[in-house]
Amino acid sequence: MSSVLSDRPAAAPAAAEALPHAVEPEMTPLVRRIGKGIGVALAAAVLAGLWRGLDSSGPLLERVVAGLAVTEVGLAMVLILLGSLVEGFGYGLSLGTKWPYTRNIVVLMLRGDPEAAHRVVATMVGLVALALALLSPTVNTISGLSLIVVTALFGMGTLYVLAGRAPALVHGVHGLLAYGVFLTYLTNLAYPGMNFWTFLYYQGALHALLLAVLLGGMTTGQRGFGTAIGSFVQPRKASQWTVAAHVSAALILVATLGWMMPAFPVAFYLAVTQVAVGFLLFHAVNLKPKDPGIMVAFHQSMVLLMSLAIVLHWH
């Protein structure tokens, strides 16, 4: 913990007292390296948007909208990955239950706190979404902005879930909404003019994926902050029943993608692999319940890849 204390401002103890349920995790070299990688990903999202805007033809407004659309998809992906890093390295309550901002949040972000970065990037996602809704008011851009607002409110709720003051469903819905935001802008980018809700209605593979996402978030919420689920054959407590439901949803996803073959071959093989990754994550959570590590982010990365594979029909 000495490295953590040296990285925090001198007023950290007073700040911790002001933040209910604040838990200060260790700032390891791995977390710092991952933080730099996330910074590179953020820069890449912005640069990809600039390139798309400059490379597009047509009026200036259309070029700006095209660039912002690309950046928004990249930022939404980074935001989801940051959420997994927050869970994986025990930063869920590093800022307590105070929301959305706290003292020195930008400084903490620059020093590598994933939770601080998560909140700052969430603000960036919201601002870009607002710009898109104003510059190009369509069903998708307005839906995306609306989903972001609701996601943010449930994000506040997840802090209370981890503090043991709200039900696990809140955590699950937050994850579901975060993917809803990502999929809305991804669909808007991949299929201009297509209504996201129509696309979602007819895309059964996404239904199975989002069910697994919901139950995965509930699994995290059900065990709370730093609590092991425990090995089991027959579920005996709420967290174990939630895990069983999540595993069932994962198998339903595999079966759905298999039944739809050869429509989504890449997504199918990713889903099969994800089942094995999920079991590794389960053991990691039981071994180190407060900070199960990079496996959480890897598990989430697989979900993002499956989402891309389904929407973009990767073969």
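Accessible surface calculations at 1.4 Å, restricted to protein heavy atoms, place the range 31-189 at 42 Å² per residue. With a Förster radius of 51 Å applied to the C-beta separation of Leu60 and Val233, the computed FRET efficiency comes to 0.20.
Convex hull volume of the C-alpha atoms in the range 116-262, normalised per residue: 123 Å³. For the chain, the residue among Ala244, Ile38, Gly175 whose Cα projects farthest onto the positive side of the dipole built from Cβ charges is Ala244. The stretch between Leu200 and Ala41, if pulled fully straight at 0.36 nm per residue, gains 54.5 nm over its current Cα-Cα span. For the chain, set up a GNM with springs between Cα atoms under 10 Å and report which of Ala66, Ala238, Ala152 has the largest fluctuation. Of Ala66, Ala238, Ala152, the Gaussian network model singles out Ala238 as fluctuating most. log₁₀ I(q)/I(0) of the range 142-196 at q = 0.13, 0.14, 0.17, 0.23 Å⁻¹, via Debye over equal Cα point scatterers, no solvent, to two decimals? Computed log10 I(q)/I(0) values: -0.36, -0.41, -0.54, -0.79. The share of accessible area on the chain that comes from carbon and sulfur is 71 percent, using a 1.4 angstrom probe.
Under 10 Å, Cα contacts only: if you run a Gaussian network model on the chain, which one of Ala297, Ala249, Ala131 comes out with the highest mean-square fluctuation? Taking springs between Cα atoms under 10 Å, the residue moving most is Ala131.
Within the listed set His207, His118, His174, the residue fluctuating most in the Gaussian network model of the chain (springs between alpha-carbon atoms under 10 angstrom) is His207.
Each residue of the range 46-53 was assigned a 3J(HN,Hα) from its phi angle through the Karplus expression (A = 6.51, B = -1.76, C = 1.60, θ = phi - 60°), giving 5, 5, 5, x, 4, 4, 4, x Hz with x at Gly and Pro. All C-alpha pair distances within the chain, sorted into 10 Å bins from zero, spread as 6, 26, 34, 24, 8, 1, 0 percent across the bins.
How large is the convex hull of the Cα atoms of the range 212-297 per residue, expressed in Å³ as a whole number? Numbers along the way, then the final one.
Numbers: hull volume 7.4 nm³, N = 86.
Once divided by residue count, the hull of the range 212-297 is 87 Å³.
Need the full-extension length gain, Thr123 to Ala255, defined as separation in residues times 0.36 nm minus the C-alpha distance. One decimal, nm.
Working: separation 132, 0.36 × 132 = 47.52 nm, distance 3.72 nm.
Here the segment from Thr123 to Ala255 would lengthen by 43.8 nm.
Calculated mean residue ellipticity, 222 nm, the chain: -25000 deg cm²/dmol, from DSSP H runs (n ≥ 4) at -39500 (n - 2.57) each, averaged per residue and rounded to 500.
Charge dipole (Cα centre; +1 on Lys/Arg Cβ, -1 on Asp/Glu Cβ; no other charges) of the chain amounts to roughly 400 debye.
Taken one residue at a time, the phi angles of the range 242-252 give Karplus couplings (6.51, -1.76, 1.60, θ = phi - 60°) of 5, 4, 4, 5, 5, 4, 4, 5, 5, 5, 4 Hz. Gly and Pro are set to x.
The values are calculated or read from the model by the stated rules, or taken from the named source; none is laboratory data. Small disclaimer: the values here were computed from a predicted structure and weren't measured. Here the Cβ is made from the backbone with ideal geometry for all residues, glycine too, and neighbour counts use every protein chain on show. To get the accessible areas, we keep the full protein, side chains included, count just its heavy atoms, and leave off ligands, DNA and RNA. Shrake-Rupley method; radii C 1.70, N 1.55, O 1.52, S 1.80 Å.
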